[in-house]
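A quick write-up on the structure given underneath.
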Amino acid sequence: MKISDKYLISDNGDLKAVKKVLNGKKLSGTSDFVFDYENKLSKFFQSKYAAALSSGTAAIQTALFTLGVKNGDEVIISSTCPSMSVVPILALGAEPVFCDTEINNFGLNLESLNKLISVKTKAVIEVPMWGYPTKVDKLKHLLEIKKIPLILDLAQAHCTKLNGNCLSFYGDISCFSTHDRKILATGEGGFVLTNNENLFNKIKSYIQFGNMKGDEFGLNFKLSSLQACIGSNRIDLIKRQLSLRKKNAKYIAKKISNPYVKEFEIVDNGDPNYYFMILRLTFSDNIKFINYLEEKGVPSDVLRYDYKVLYKYPLFKKYKKKCINSETLVKSFTTIPVHPHISKTMLDYMISAINNYKE
């Protein structure tokens, strides 16, 4: 059996929404359709302000620029994040400073972080991977004392919660992707959330050529009306999707009997969105097990993306800072899909493959 790790959401309301925009003949990123989408985002995520953008990477670059990150500055970020989280730092001429994570989750290790903070540090980016929460409340507390802004890259963590709050509650600016595979998907796209009016105004200016006044720098990072209307329709589908993902993940976790496999640790008072389910592995050779699942038709992002700490890729090698926890962490797990198109038959097949594996 071949299990797909792609979940491409579709809904009858999409076509109706697109027709409405086409009939309205306002397709640009400054139309009322985009404004309505932004209002719906802010209401759903309980944020004062939301801005729709062309991609999740554009969202991160916008957040960095808004916070004043420029050439020669430093931005601290985890070494376990995707390359898309770091490229915007380089695009602004700043330097990524890789920080170690906790040994059992993707959150920044606060002791390591403290040692890396310098007069050049302009921002810190936290990147919860595969929708699993980090201890972002403690990180936020530390950064408030240090007076350093926190950017949350929540591309994979739509509606991931901590202490009953969406993780975006803790960020000075929170960045999202709405790529086709994300829980809220518009094909391409993204958005940012903030509760700070001054930051929001700077964000809106930056993504619209500096409001085209000629006195502020900006780029064209707007989202089109067609994508915005699809997003507006699909916001209403998020809660149902989250419920199915959680149901599938809990079913798998309950049925696993292989003593070397269990669900990845969830931080206290944390609630994953199950963008993917992470399995913690304790085999003598974890990659052999991951390859075994792949041969059985059970995909893994570890293999798909050749996942490893970021400074081991050529593009980021010059920024290497030894992150012992992170290097251990990236070798200790695999991911499996639990999206709404996974049937009970598929769930049972994956469970059987996991339980039947022997070293």
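The values are calculated or read from the model by the stated rules, or taken from the named source; none is laboratory data. Since this is a predicted model, take the numbers as computed values, not measurements. All Cβ positions, glycine included, derive from the backbone under ideal geometry; neighbour counts span all protein chains shown. Calculation scope for accessible area: heavy atoms of the full protein, side chains included, ligands and nucleic acids excluded. Shrake-Rupley method; radii C 1.70, N 1.55, O 1.52, S 1.80 Å.
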Across segment 94-107, which residue is farthest from Ser326 (Cα to Cα) among those that are open to solvent by 30 Å² or more (accessible area, probe 1.4 Å) and in a loop (DSSP other than H, G, I, E, B)?
Asn104
Go through the residues of segment 301-309 one by one and say whether even a single one is part of a helix (DSSP H, G or I), open to solvent by 20 Å² or more (accessible area, probe 1.4 Å), within 23 Å of Ile3 (Cα to Cα) and not aliphatic (A, V, I, L, M).
yes
So which residues in segment 201-210 are open to solvent by less than 70 Å² (accessible area, probe 1.4 Å) and either without any contact (Cβ under 8 Å) to a residue 24 or more places away in the chain or more than 30 Å from Leu237 (Cα to Cα) (or both), if there are any at all?
Ser205, Tyr206, Gly210
Go through segment 166-186 residue by residue and tally those that are farther than 20 Å from Ile203 by Cα and either assigned to a strand (DSSP E or B) or of a type in the set (Lys, Arg) (or both).
4
Which of (1) over 30 Å from Asn269 (Cβ atoms); (2) surrounded by fewer than 16 Cβ atoms within 10 Å (Cβ to Cβ) is the odd one out, the single condition Ser54 does not satisfy?
(2)
Within segment 53-66, can one find any residue that is in contact with a helix residue (DSSP H, G or I) (Cβ under 6 Å, 6 or more places away or on another chain), more than 27 Å from Leu142 (Cα to Cα), at pLDDT 95 or above and not in a helix (DSSP H, G or I)?
yes
Taking the condition among the small types (Gly, Ala, Ser), buried (at least 17 other Cβ atoms within 10 Å of the Cβ) and either touching a strand residue (DSSP E or B) at 6+ places or on another chain (Cβ under 7 Å) or in contact (Cβ under 8 Å) with a residue 12 or more places away in the chain (or both), does Ser284 pass?
no
So for segment 320-327 (the condition being under 18 Å from the mean Cα position of the chain (by Cα), surrounded by 12 or more Cβ atoms within 10 Å (Cβ to Cβ) and either modelled with pLDDT of 95 or more or among the aliphatic types (A, V, I, L, M) (or both)), does at least one residue qualify?
yes
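With the condition kept exactly as written, say whether any residue in segment 187-200 is buried (at least 21 other Cβ atoms within 10 Å of the Cβ), modelled with pLDDT of 95 or more, in contact with a Ser or Thr (Cβ under 9 Å, 6 or more places away or on another chain) and in a helix (DSSP H, G or I).
yes
Go through segment 146-165 and report how many residues are outside any loop (DSSP other than H, G, I, E, B) and buried (at least 24 other Cβ atoms within 10 Å of the Cβ).
3
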Scan (1) in a loop (DSSP other than H, G, I, E, B); (2) open to solvent by less than 80 Å² (accessible area, probe 1.4 Å); (3) closer than 26 Å to Tyr170 by Cβ for the single condition Asp268 breaks and write down its number.
(2)
Looking at segment 108-136, I want the residues that are within 20 Å of Leu154 (Cα to Cα) and have a partner that is open to solvent by 20 Å² or more (accessible area, probe 1.4 Å) and at pLDDT below 95 with Cβ atoms under 6 Å, at least 6 apart or on another chain. Which pairs are those?
none
Can you tell me which residue among Thr62, Thr30 is farther than 30 Å from Asn248 by Cα, in contact (Cβ under 8 Å) with a residue 40 or more places away in the chain, of a type outside the set (A, V, I, L, M, F, W, C) and surrounded by fewer than 13 Cβ atoms within 10 Å (Cβ to Cβ)?
Thr30
Are any of the residues in segment 307-315 in contact (Cβ under 8 Å) with a residue 40 or more places away in the chain and either of a type in the set (D, E, K, R) or under 21 Å from Pro272 (Cβ atoms) (or both)?
no
Here are Tyr319, Tyr311, Tyr357: which of them is more than 30 Å from Arg240 (Cβ to Cβ) and in contact with a Lys or Arg (Cβ under 7 Å, 6 or more places away or on another chain)?
Tyr311
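Could we say that Leu15 is open to solvent by less than 10 Å² (accessible area, probe 1.4 Å) and not in a loop (DSSP other than H, G, I, E, B) here?
no
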Is it true that some residue in segment 349-359 is among the basic types (Lys, Arg) and modelled with pLDDT of 95 or more?
no
